[in-house]
Amino acid sequence: MSSFQNLTSSSIIFLLTGVPGLEAFHAWISIPFCFLYATALSGNSLILFIIITQPSLHEPMYYFLSMLSTTDLGLSISTVVTMLGIFWFNAREISFNACLSQMFFIQLFTVMESSVLLAMAFDRFVAISNPLRYASILTDLKIALIVVAVMTRGALIQAPLVVLLKRLSFCGSHELRHSYCFHPDMIKLSCTDTGVNSAVGLTALISTAGVDSIFIVLSYVLIIRTVLSIASPDERKKALSTCVSHIGAVAVFYIPLISLSFVHRFGKGAPPYVHTLIANAYLLIPPVMNPIIYSVKTKQIRKAILKVLHSNIMKN
């Protein structure tokens, strides 16, 4: 029993995994990953800069968009070091405490992103169903409270996962199946009972992404009902067009998340590279695609970006 306890100390080392079977090509594989990370970091930073510096975008919808970009930046920064470290330097080792920290922040930002998407759905519902009271309902104070609630919710849900992992013993293989620390992946390496960990992890997933997705769908049911009550077809089209970007953001977040959950629970016979590709897509697709979706589909964001780029060109 004492040897088990020693293996749960801060001296334990986990081994991260790149793309199984393609280790010789990691340097080449790193090229598209570098491009995706550069796109995610620059795109979300640009969105944040535009919203902060353009007074015309100081509205609830864009405050929520800035929150979405912040969580996407957090997801990208939480994984870029370990992922590229494996591809460039074969730096697979990560300490137990560092792994716990990375897992906590990855899942914290995942929960926060789910919460922000729900807040954005509520924002679109208020804007369409009650446009005259939109500004009075979503005041700066209420938005600040939503931000605090989103952060607090994420931290409170993830803290028990970290505490329970600290109590586990790892006396067998320490090789993880991904290039970052993921809760289901970590508990599979334990040689002690992980029933409580699995139950708490599943409960956390259902109570966050599961509940949020239900309320997002409910919001859009109410939005569609409101839109259908509008007499003019042009006004219907205009109302729904304001939701296109948000629907895209919901899709690029939930599809990889659901795919990863299914692969972990039901894809034991799938080739290792399938797990790797879906796991990396889960973290990279939302941060990469969200700035593109909002830049292309949101007229105000597109105009603000062009305005900033034009002013920079004129200065030079």
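The table below gives the values:
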read-out: R0 of 30 Å, Cβ-Cβ distance PHE49-VAL196: FRET efficiency to nearest 0.05; value: 0.10
read-out: Cβ-derived FRET efficiency at R0 35 Å, ILE77 paired with CYS171, nearest 0.05; value: 0.60
read-out: Relative contact order (%) - criterion: Cα under 8 Å, at least six apart; region: the chain; value: 27
read-out: Extension gain from SER207 to LEU132, taking 0.36 nm per residue of separation minus the Cα-Cα distance; value: 23.7 nm
read-out: Separation between Cα centres of the stretch 210-278 and the stretch 87-120, rounded to whole Å; value: 22
read-out: Where Cα atoms sit under 22 Å apart: lysine pairs in the chain separated by 8 or more or lying on different chains; value: 12
read-out: Rough spin-label spacing in nm, given labels placed 7 Å along Cα→Cβ, for PHE35 and ARG265; value: 3.5
read-out: Euclidean distance between Cα centres, the stretch 53-75 to the stretch 161-188, Å; value: 34
read-out: GNM result for the chain, Cα springs below 10 Å: residue of THR139, THR110, THR208 fluctuating most strongly; value: THR139
read-out: Cysteines in the chain that, by Cβ-Cβ distance, have no pairing candidate under 4.7 Å; value: CYS34, CYS243
read-out: Potential lengthening between GLU23 and GLU235 on full extension [0.36 nm per residue; Cα-Cα distance subtracted]; value: 70.9 nm
read-out: Square roots of five times the Cα gyration tensor eigenvalues for the stretch 11-315, Å; value: 37, 23, 17
read-out: Cβ-derived FRET efficiency at R0 22 Å, ILE224 paired with THR139, nearest 0.05; value: 0.25
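Laboratory data are not the source of any read-out in this text; all were calculated from the coordinates shown. Just so we're clear, the structure is a prediction, and the values are computed from it rather than from any experiment. Note that each Cβ is placed from the backbone with ideal geometry, even for glycine, and that neighbours are counted across all protein chains shown.
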